[in-house]
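Taking it in order: structure first as structure tokens, then the write-up.
The values are calculated or read from the model by the stated rules, or taken from the named source; none is laboratory data. What you see is a predicted model, and the numbers here were worked out from it, not measured in a lab. Here Cβ is always computed from backbone atoms with ideal geometry, including for glycine, and neighbour counts include all displayed protein chains. In case anyone asks, the SASA skips ligands and DNA or RNA and just uses the protein heavy atoms, side chains included. Shrake-Rupley method; radii C 1.70, N 1.55, O 1.52, S 1.80 Å.
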Amino acid sequence: MDKLASHYLAHITELNRRVADVVSRESLSGLVIHSGQPHRQFLDDMDYPFKVNPHFKAWLPVLDNPHCWLLVNGRDKPQLIFYRPVDFWHKVADFPDSFWSEHIDIKLLTKADKVAELLPKDIGNWAYVGEHLDVAEVLGFKTRNPDAVMSYLHYHRTTKTQYELECMRRSNDIAVHGHIAAKNAFYNGGSEFEIQQAYLIATNQGENEVPYGNIVALNRNASILHYTKLEHATPHPRRSFLIDAGANFAGYASDITRTYAFEKNIFSALIEAMDKAQLELIDLMKPGVKYVDLHIETHRKIAQIMLDFNIATGGAEGLIEQGITSVFFPHGLGHMLGLQVHDMGGYLHDERGTHIAAPDAHPFLRCTRTLAVNQVLTIEPGIYIIDSLLNELKQDKRQAQINWDTIDLLRPFGGIRIEDNVIVHADRNENMTRDCGLD
């Protein structure tokens, strides 16, 4: 933890600077950031797994304790109201004693409904940041998640501090251990469910600890972009394996995808071509480059791959202009990454919240920003055989440009996606995923 500790003070100093700036311009006394509350399952006495407010965990790695509150104004030492009830039914959180706790003033809250006694007396001048607007109203907050404050925080949150970058390197390292275990489980004959268990054991994280539901897809299931069913039976024959899975470290996510072929064949060659294209796209990343331009360049590379593998005929630009490449690559190149898997701020042009919409031809693109130093993004090109989209091609003249025999050959393999997590530096890119040893 030494490196984290050395970076942490600079991290909260930067967060305080941002808060001081935005509360001054919005004439607020400060922000009260709520960790959140459990959500009760309908007609039951159990709660859904707790997910902490990302604005809360930006300040400190308290991820599993509801009913906590953070008071920040940019001038004074951040104050944490830490929930620690008397409870013999559940494990009670230990009093914070970590590398970050000396930089935070901590007050204990033993009863959640008594928090008003610890909040500022002029609560009407403070802004509430959190999910539970009904609670905020009862407590007397007049300002709740104000647009100007949220846009400012989201815009600047895409620039990571050194503390955040170190957390994300460690998150990638954990996930890479899982990916290697999952790859071995695939080649050793595991089912989707068994591969998932191998991944979780290797990362030492449970299903509710990883940042999103892992995609573990064998054979044709790899063509379903958000496949999370997890079959228990092992398919025969084994053809392909796509895994999209991440890990958490101190509240920061990794998001990594790999695709494998069980044997050497046209699909394994297609994976190699996609891997090469993905690395070439990463090489194009640098400050000042528009992410939309990288996405469009991805379509050019996919068009060329389609021509090289006799999936389609014609010219590369024609395949793009007619929307043919979008049938095989229907999602965006990637997204911002950090406190959330699809981190906030990907569409913001400035701190005022000016929105940069995705191009009409690429509506599912999750980032339209211009790249800048210390941003972290995923790069995840793919190519898939998705029958529901291919059926639309069959309805018009574009079907003549598709080699349907090749489609039939590739259909049982599902699809390919290769995804790495990349830091943009002033003079280079840092591919955290590959640096952690995942080819």
Stretched out fully, how many nm does the piece from Asn310 to Ala116 gain, at 0.36 nm a residue minus the Cα gap? 63.1 nm
Show the residues, 5+ positions off or on another chain, whose built amide H is closer than 5 Å to the amide H of Ile81. Trp69, Leu70, Leu71, Lys107
Considering the dipole of the chain built from charges on the beta carbon (Lys and Arg +1, Asp and Glu -1) around the Cα centre, which of Ala198, His11, Val216 is farthest to its positive end? His11
If I fit a long axis through the Cα atoms of helix 162-187 and take the longest principal axis of the Cα atoms of the chain, what angle between them do I get, 0 to 90°, rounded to 10? 40
Mean shadow area of the range 337-399, taken as a quarter of the surface of its Cα convex hull (nm²): 6.2
Which semi-axis lengths, in whole Å and largest first, follow from the square roots of five times the eigenvalues of the Cα gyration tensor of the range 272-318? 22, 13, 5
Around Lys160, what is the net charge, scoring Lys/Arg as +1 and Asp/Glu as -1 over all other residues with Cβ under 12 Å from its Cβ? -3
To the nearest µm²/s, what D does Stokes-Einstein give for the chain at 10 °C and 1.306 mPa s, using the Kirkwood radius over alpha carbon pairs as Rh? 68
For the range 120-128, Karplus-derived ³J(HN,Hα) couplings (6.51, -1.76, 1.60; θ = phi - 60°; whole Hz; x for glycine and proline) come out as x, 5, 8, 4, x, 9, 9, 9, 7
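Jot down the per residue volume, in cubic angstrom and as a whole number, of the convex hull over the alpha-carbon atoms of the range 341-439.
Cα-based convex hull of the range 341-439, divided per residue, equals 160 Å³.
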Highest-MSF residue in the chain out of Arg417, Arg18, Arg366 [GNM, Cα springs under 10 Å]: Arg18
Choose one answer from Lys121, Lys290, Lys107: the residue with the largest mean-square fluctuation in a GNM of the chain with alpha-carbon springs under 10 Å. Lys121
With DNA, RNA and ligands ignored, accessible area of Glu297 (1.4 Å probe; Å², nearest 10): 50
Using modelled backbone amide H atoms (1.01 Å from N, in-plane), which distant-in-sequence or interchain residues come within less than 5 Å of Ala312's amide H? Leu307, Asn403
Rounding to the nearest 10 and keeping the result within 0 to 90°, find how far the Cα-based axis of helix 291-308 lies from the longest principal axis of the chain. 20
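Determine the relative contact order of the range 365-439: mean sequence separation of Cα pairs under 8 Å and six or more apart, normalised by residue count, in whole percent.
44
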How much FRET efficiency would the formula 1/(1 + (r/R0)^6) give for Lys290 and His236, where r is the Cβ-Cβ distance and R0 is 51 Å, rounded to 0.05? 0.65
Taking 0.36 nm per residue of separation and subtracting the Cα-Cα distance, what length does fully extending Glu209 through Asn391 add? 61.7 nm
Note: Ala10 to Phe193 extended length (0.36 nm per residue) minus current alpha-carbon separation gives 61.6 nm
Quick one: which residues, 5 or more positions from Lys290 or on another chain, have an amide H under 5 Å from its amide H? H modelled 1.01 Å from N in the peptide plane, none for Pro or chain starts. Leu371
Using a 1.4 angstrom probe with every protein chain in place, what is the largest-first accessible-area order of His362, His335, His232? His232, His362, His335
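For Met46, Met306, give me the order by solvent-accessible area with a 1.4 Å probe, most accessible first, ignoring ligands, DNA and RNA.
Final ranking, largest accessible area leading: Met46, Met306.
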Long-range Cα-Cα pairs in the range 217-373 (distance over 29 Å), rounded percent: 25
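Give me the dipole magnitude in Debye, nearest 20, for the range 305-365 about the Cα centre, with unit charges on the beta carbon: positive for Lys and Arg, negative for Asp and Glu.
Working: 1 positive and 7 negative charges, 26 e Å.
Using Cβ point charges on Lys, Arg, Asp and Glu, the range 305-365 gives about 120 debye.
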Could you please report the charge total around Asp408, scoring K, R as +1 and D, E as -1 over all other residues with beta-carbon less than 15 angstrom from its beta-carbon? +2
Distance in nm between label sites at Glu263 and Ile106, each 7 Å beyond Cα in the beta-carbon direction? 5.9
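Given the chain, what percent of its DSSP beta bridges are antiparallel, to the nearest 5?
The antiparallel fraction comes to roughly 75 percent.
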For helix 2-25, what angle does its Cα long axis make with the longest principal axis of the chain, in degrees from 0 to 90 and rounded to 10? 70
Placing +1 on each Lys and Arg Cβ and -1 on each Asp and Glu Cβ in the chain, then taking the dipole about the Cα centre, the residue among Phe328, Tyr83, Ala175 whose Cα reaches farthest towards the positive end is Tyr83
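Got a sec? What order do Ser29, Ser24 fall in by accessible area at 1.4 Å, biggest, i.e. largest, first?
Ser24, Ser29
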Would you tally the net charge around Arg220, using a Cβ to Cβ cut-off of less than 15 Å, leaving Arg220 out, and scoring K and R as +1, D and E as -1? +1
Output ³J(HN,Hα) for the range 424-439: one whole-Hz value per residue in order, computed from phi by the Karplus curve 6.51 cos²θ - 1.76 cosθ + 1.60 with θ = phi - 60°, and x for Gly and Pro. 8, 9, 5, 10, 6, 10, 10, 8, 4, 5, 5, 5, 7, x, 9, 6
Magnitude of the Cβ-charge dipole of the range 1-108, K/R +1 and D/E -1, about the Cα centre, nearest 20 debye? 320
Once phi is turned into θ = phi - 60°, what whole-Hz ³J(HN,Hα) does the Karplus curve with 6.51, -1.76 and 1.60 give for every residue of the range 200-216, x standing for Gly and Pro? 5, 5, 5, 8, 6, 10, x, 4, 8, 9, 5, x, 7, x, 4, 9, 10
Which value, in debye to the nearest 20, describes the size of the charge dipole of the chain about its Cα centre when Lys and Arg Cβ atoms bear +1, Asp and Glu Cβ atoms bear -1, and nothing else is charged? 300
Considering the options Thr161, Phe56, Ala127, tell which one lies farthest towards the positive end of the dipole of the chain, charges being +1 on Lys and Arg and -1 on Asp and Glu at the Cβ, about the Cα centre. Ala127
For the chain, calculate the relative contact order in percent as a whole number, restricting contacts to Cα pairs under 8 Å that are 6 or more residues apart. 15
